[in-house]
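A quick write-up on the structure given underneath.
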Amino acid sequence: MAFASSISHSLQGTALSRDVLYPTTKIYPSQLSIPQSSPISKKERKLLSFHIRASVTDGRESSIEKQEPSVENVPFPKGDSWSVHKFGGTCVGSSQRIRNVAQIIVDDDSERKLVVVSAMSKVTDMMYDLIYKAQSRDDSYIAALDSVLEKHKLTAVDLLEGEDRAVFLSRLYHDINNLKAMLRAIYIAGHATESFTEFVVGHGELWSAQMLASLVRKNGVDCNWMDARDVLIVNPTGSDQVDPDYLESEKRLDNWFSQNPSKTIIATGFIASTPQNIPTTLKRDGSDFSAAIMGALVKARQVTIWTDVDGVYSADPRKVSEAVVLKTLSYQEAWEMSYFGANVLHPRTIIPVMRYDIPILIRNIFNLSAPGTMICRPLVNEFEDGQGMESFVKGFATIDNLALVNVEGTGMAGVPGTASDIFSAVKDVGANVIMISQASSEHSVCFAVPEKEVDAVAKALQSRFRQALDAGRLSQVAVIPNCSILAAVGLKMASTPGVSATLFNALAKANINVRAIAQGCSEYNITVVVKREDCVRALRAVHSRFYLSRTTIAMGIVGPGLIGGTLLDQLRDQAAVLKEKFNIDLRVMGITGSRRMLLSDMGIDLSRWRELEKEIGQVADLGKFVQNVHGNHFIPNTVLVDCTSDSGIASHYYDWLRRGIHVITPNKKANSGPLDQYLRLRALQRQSYTHYFYEATVGAGLPIISTLQGLLETGDKILQIEGIFSGTLSYIFNNFIGTQSFSEVVVEAKEAGYTEPDPRDDLSGMDVARKVIILARESGLKLELSDIPIENLVPEPLKVSASAEEFLQQLPQFDQDMANKRQDAEDAGEVLRYVGVVDVVNQRGAVKLGRYKKDHPFAQLSGSDNIIAFTTERYKQQPLIVRGPGAGAQVTAGGIFSDILRLASYLGAPS
């Protein structure tokens, strides 16, 4: 056949014109293989056969389409009367969706409308697959082509009726048979030229545009469809892109409009022609580019890109669930975000409309109530005083699967041409440089390339600089794999003080290590390179820090006993208020006891955590628990709250902090344990950006630790700290009055819930001693627990009692000794109080039963109150007193909660 012969000639290297691509070869109706089972009526089948016979000898400009009479010199009415719409493949993915598109076009009250439409969803990929299979001599290309035919035939049968259906189907069968012949030739040759490939893959747009135009006409709108290859002329470049020829395209548009005057035009996206009239495409994402070019050609009022998202998000919503839809973006901001991987627009799309200040509106076809995102020239008042920092940073984008290449050596400094040689070698292997960073010393140049290209780049550089490497002028060509880029985008960032500081502070506090930095003088973006595994966490951290989302913290609660359970209830009651008023989102990702644990990926429902623990709880595993809480990369910040008194749990603090996990605890074991372990823990905490808060270790909810730290940080010198640190012993000695015996008061305290299950744990003084050690170490003393003399209130014979019950039964035998001490104190006008003392001047501490005058602050206590007196250089004459409830689950949990909120403020929550 002449057609096959022409294809064969092209496959040998000759580029074909459109006349060759649409041959006049006669195609017989029997070749069209119209299935008898097709859902077409007999009348329509006859009508279809008529159109087929009329079309098979007319070439591309066949009578399939009813041509309007030629109208000469019809001026093209450019300007604001035109609105341009672009509908992507998802928007026209089914017959119902095409109906929705038609309705949007009909409802648009613009005077003139130009609609650019993509191929139906997945069709372009199917067309590329046809080429691949034919080249590979895979016979399944025939079945694959039949699938393409079936998809469009069924859609047309569902959408169109009568003449419209017959006209479209005749063209569809005509195109399919041409494609079948062409693919057969490609199958034989085992190769397809670029011209043939682009001709084949552009058919999806032709079919969707014709169906949509017919449907719009069916709705009563005067409408013509445009094969964009008749109008758009582009010049291919060497970088798999094309440059529009606007002058020639304008001429052809004027000519097309004079032949097809209409107020509504349905145009094909993605496809165009070269100046030699050879079909080509605008490459991937070309439909958006088509719409922008058309908008520029007609000088449209606006270009609306219809898609399946509500607009442009401040970050990828698949990675940042709290990402927000941006109301506006400047052209430059959209350009930057799209370059760095954001699902916005291809950067090429923005160039045509920028020339004429034509705004682009991103809309969601599946959510017409969403206003979308407007991409336009910055508004005059966008950067007025009083705008928040988020006004300057619009959004964040990431690129994954990168590697850093670092070329360094003293021989680079001051040597002209080194950078040129580096990037010349990179160009020679065809690698794409994503980001470049060079130190001002010229000692090193590092740049990011796709990971799949880094081996070739490294080899090229090693070869190019072999002599310099051997001579020592260059020290190394190093490759750092597994990297990602995080870009912050926004106008005026560089000229706004504090933006960079805020960005890097957020990364540091999320324990993210930055490997390279780049910031152009354009002021539109700040780019950092991080480890791939840190990328999502880094994205969440910076997004949260700029108030584009809540400050979100993943929490793990260890020990859901009395204190831990109370804390969980407090979190439950306050969660909504924290979100609404303070932008703090506290998500408990795990709760573990010694036997059972409850885990969640998104956050446990705290209104039901007790029931859920019973229903879906699992065997406790601390390692798995920590991994679940910390391993969620969608939340940048992690805190583990240890509500136990377990030294085994405390031994994990160092490892948790080292891994970037913040720790909050009322557990005294870590800070009062072996001195070397304590010093190691604090050194790690101070040199990292992880936080370790332990206010509730001394005085429950009282601000004792923070008061001491405040005094030291402001330059005061601590002389002595003395206090009643045990709420239990405070209660006992506040009530050890009159004729009541000591043992009776102890039983009363236990029944009231003030003591440990075994009161000896309180009476031993060890709890007070641990608090003394904590305060001593906080004051700078290097003391061990064994250095503290402790006055133990448990009678020596009862220390070995088998149980708490046995101890309480035998305690009355020793009441007389304590009664004598009380009487001696009363005779001297004093009271007994069990105190801890930190003598900073003499570098020692003590726990003892002391006597105080009745007018002393320690004698004025009631209930289980604690009281602590700080004697310092500033407060030497009158000690600084902190007094209040120092025991009980509510106040202790409240102290822990306060530390959690302090952590949130450090991590970016508004204070």
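The residue that is least open to solvent (accessible area, probe 1.4 Å), counting only those in region 239-259 that are more than 25 Å from THR124 (Cβ to Cβ) and of a type in the set (A, V, I, L, M, F, W, C), is PHE257.
Would you call ASP164 surrounded by fewer than 21 Cβ atoms within 10 Å (Cβ to Cβ), touching a Lys or Arg at 6+ places or on another chain (Cβ under 9 Å), among the acidic types (Asp, Glu) and in a helix (DSSP H, G or I)? Against the criterion (surrounded by fewer than 21 Cβ atoms within 10 Å (Cβ to Cβ), touching a Lys or Arg at 6+ places or on another chain (Cβ under 9 Å), among the acidic types (Asp, Glu) and in a helix (DSSP H, G or I)), ASP164 qualifies.
In this structure, does LEU793 turn out to be within 23 Å of ALA700 (Cβ to Cβ) and either open to solvent by less than 10 Å² (accessible area, probe 1.4 Å) or assigned to a loop (DSSP other than H, G, I, E, B) (or both)? Spelling it out, LEU793 is indeed within 23 Å of ALA700 (Cβ to Cβ) and either open to solvent by less than 10 Å² (accessible area, probe 1.4 Å) or assigned to a loop (DSSP other than H, G, I, E, B) (or both). Could you grab me the full set of residues in region 260-306 that are surrounded by 22 or more Cβ atoms within 10 Å (Cβ to Cβ) and in contact with a Cys (Cβ under 8 Å, 6 or more places away or on another chain)? Selection gives ILE265, ILE266, TRP306. In the condition set (1) within 21 Å of THR410 (Cβ to Cβ); (2) modelled with pLDDT under 90; (3) of a type in the set (Phe, Trp, Tyr), PHE447 is compliant with all but (2). Look at (1) in contact with an Asp or Glu (Cβ under 6 Å, 6 or more places away or on another chain); (2) open to solvent by 10 Å² or more (accessible area, probe 1.4 Å); (3) within 23 Å of SER607 (Cβ to Cβ) and you find that THR552 fails only one, number (2). Determine whether ARG680 is over 30 Å from THR728 (Cβ atoms), open to solvent by 10 Å² or more (accessible area, probe 1.4 Å) and in contact with a His (Cβ under 8 Å, 6 or more places away or on another chain). So ARG680 does not fit the description; no. Pairing each residue of region 698-718 that is over 16 Å from THR871 (Cα atoms) with any residue that is aromatic (Phe, Trp, Tyr), provided the two are 6+ apart or on different chains, yields C-beta distances under 7 Å for VAL698/PHE725; GLY699/PHE725.
Only a single item in (1) under 21 Å from ALA776 (Cα atoms); (2) charged (D, E, K, R); (3) more than 52 Å from the chain's Cα centre (by Cα); (4) in a strand (DSSP E or B) is not met by ARG851, and it is number (1). For PHE870, the conditions (1) under 27 Å from GLY715 (Cβ atoms); (2) out of contact with any strand residue (DSSP E or B) (no Cβ under 8 Å at 6 or more places or on another chain); (3) aromatic (Phe, Trp, Tyr) are fulfilled apart from (2).
Listed by position, the strands (runs of 3 or more DSSP E) enclosed by region 225-283 that each have at least 2 residues that are within 19 Å of ALA300 (Cβ to Cβ) and of a type in the set (A, V, I, L, M, F, W, C) are 264-268. Taking first residues from region 228-254 that are within 29 Å of ASN432 (Cβ to Cβ) and aliphatic (A, V, I, L, M) and partners that are open to solvent by 50 Å² or more (accessible area, probe 1.4 Å) and assigned to a strand (DSSP E or B), the Cβ contacts under 8 Å between residues at least 6 apart in sequence or on separate chains come to VAL234/ASP243; VAL242/ASN235; VAL242/PRO236. Report whether or not ARG515 is in contact (Cβ under 8 Å) with a residue 60 or more places away in the chain and in contact with a Cys (Cβ under 7 Å, 6 or more places away or on another chain). The answer is yes for ARG515.
Close Cβ contacts (under 9 Å, 6 or more residues apart or on different chains) running from residues in region 729-756 that are of a type in the set (Lys, Arg) to residues that are open to solvent by 50 Å² or more (accessible area, probe 1.4 Å) comprise LYS750/GLU756; LYS750/PRO757. Looking at region 329-444, the strands (runs of 3 or more DSSP E) lying wholly inside it that each contain 1 or more residues that are within 20 Å of the chain's Cα centre (by Cα) and modelled with pLDDT of 90 or more sit at 373-376, 395-408.
Return the residue satisfying two criteria in turn: it lies in region 752-770 and is open to solvent by 30 Å² or more (accessible area, probe 1.4 Å) and modelled with pLDDT under 90, and of such residues it is farthest from ILE867 (Cα to Cα). Here the residue is PRO757.
Each row is one residue, and each column tells you yes or no for (1) of a type in the set (Gly, Ala, Ser); (2) touching a residue at least 40 places away in the same chain (Cβ under 8 Å); (3) within 30 Å of HIS662 (Cβ to Cβ).
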| residue | (1), (2), (3) |
| --- | --- |
| PHE447 | no, yes, no |
| GLU451 | no, yes, no |
| GLN467 | no, no, no |
| GLN476 | no, yes, no |
| ALA487 | yes, yes, yes |
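Residues of region 582-598 that are of a type in the set (Gly, Ala, Ser) and open to solvent by 70 Å² or more (accessible area, probe 1.4 Å): SER594 alone.
Pairs linking a residue in region 547-567 that is at positive phi to a residue that is among the polar types (S, T, N, Q) and modelled with pLDDT under 90, with Cβ atoms under 8 Å and 6 or more positions apart or on different chains, are TYR547/ASN583.
From the list ALA143, ALA189, the lone residue that is over 22 Å from ILE265 (Cβ atoms), among the hydrophobic types (A, V, I, L, M, F, W, C) and without any contact (Cβ under 8 Å) to a residue 12 or more places away in the chain is ALA143. Against the condition surrounded by fewer than 20 Cβ atoms within 10 Å (Cβ to Cβ), among the acidic types (Asp, Glu) and under 26 Å from the mean Cα position of the chain (by Cα), how does GLU611 come out, does it pass? In short, no.
Here VAL231 meets each of (1) touching a Phe, Trp or Tyr at 6+ places or on another chain (Cβ under 8 Å); (2) closer than 27 Å to ASP129 by Cβ; (3) not basic (Lys, Arg) with one exception, condition (2).
For LYS579, the conditions (1) closer than 28 Å to ALA909 by Cα; (2) at pLDDT 95 or above; (3) out of contact with any helix residue (DSSP H, G or I) (no Cβ under 6 Å at 6 or more places or on another chain); (4) open to solvent by 30 Å² or more (accessible area, probe 1.4 Å) all hold with the exception of (2). With a requirement of 2 or more residues that are within 36 Å of the chain's Cα centre (by Cα), the strands (runs of 3 or more DSSP E) lying completely within region 636-731 that satisfy it span 637-642, 662-664. Inspect region 482-490 for any residue being modelled with pLDDT under 85 and either within 20 Å of GLU336 (Cα to Cα) or not in a helix (DSSP H, G or I) (or both) and give the result as yes or no. No, there is no match, as no residue in region 482-490 is modelled with pLDDT under 85 and either within 20 Å of GLU336 (Cα to Cα) or not in a helix (DSSP H, G or I) (or both). VAL558 satisfies every condition listed in (1) open to solvent by less than 10 Å² (accessible area, probe 1.4 Å); (2) β-branched (Val, Ile, Thr); (3) at pLDDT below 95; (4) closer than 18 Å to THR892 by Cα except (3). The set of residues from region 329-372 being open to solvent by 40 Å² or more (accessible area, probe 1.4 Å) and β-branched (Val, Ile, Thr) comprises just one member, ILE351.
Beta carbons closer than 9 Å, at least 6 apart along the sequence or on distinct chains, pair a first residue in region 62-91 that is farther than 21 Å from GLU111 by Cβ with a second that is open to solvent by 50 Å² or more (accessible area, probe 1.4 Å) and modelled with pLDDT under 75 for ILE64/ASP58; GLN67/GLU61.
The values are calculated or read from the model by the stated rules, or taken from the named source; none is laboratory data. From a predicted model like this one, the values you see are computed outputs, not experimental measurements. Positions of Cβ are generated from backbone atoms using ideal geometry, with glycine treated the same way; all protein chains shown enter the neighbour counts. All accessible areas refer to the heavy atoms of the entire protein, side chains included, with ligands and DNA or RNA removed. Shrake-Rupley method; radii C 1.70, N 1.55, O 1.52, S 1.80 Å.
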